[in-house]
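Have a look at the structure below, then the notes.
The values are calculated or read from the model by the stated rules, or taken from the named source; none is laboratory data. The structure displayed is predicted, hence computed values, not measured ones. Counting neighbours? That spans all protein chains shown, and the Cβs are built from the backbone with ideal geometry, glycine included. Protein only, heavy atoms only, side chains kept; ligands, DNA and RNA dropped before computing areas. Shrake-Rupley method; radii C 1.70, N 1.55, O 1.52, S 1.80 Å.
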Amino acid sequence: MKIIFNVEGMHCDGCKKTIENELKTYKDIINVSASLLEKEVTIMCNDGVKIKELEKRIKKAGFKPIGIINTEE
């Protein structure tokens, strides 16, 4: 499953690495890619991952998820 979040608060490569590293600790995450230019985080994950859990982890990393742009099964 692919989920794209719009995220506020990413300003530099350090921010990008922080959010990617935090999300990668979740066992059902396959791949994470953050884009500073687009202010998006693309998450490839196993089916059944809870959106609320992903939002919680984005917040834990210090950023604000402001919406889901796209999801693909």
Once amide hydrogens are built 1.01 Å from N within the peptide plane, the residues lying 5 or more places from Ile69 or on another chain with amide H under 5 Å from its amide H are Ile4, Phe5, Asn6
Averaged per residue, the 1.4 Å probe accessible area of the chain, protein heavy atoms only, in Å², is roughly 61
Note: segment 31-70, point scatterers on Cα, Debye, no solvent; log10 I/I(0) at q = 0.19, 0.34 Å⁻¹ equals -0.56, -1.46
Scoring the chain by relative contact order with C-alpha pairs under 8 Å, at least six apart, yields a percentage of 50
Measuring from the longest principal axis of the C-alpha atoms of the chain, the long axis of helix 51-60 (C-alpha) lies at a number of degrees, nearest 10, equal to 30
With Cα coordinates, the longest principal axis of the chain makes an angle with the long axis of helix 13-24, in degrees rounded to 10, of 20
Once both label points are put 7 Å beyond Cα along the C-beta direction, the Met44-Glu8 separation in nm becomes 3.1
Matching label for the computed Rg/Rh (Cα atoms, Kirkwood Rh), out of [x] 1.20; [y] 0.91; [z] 0.95, is [y]
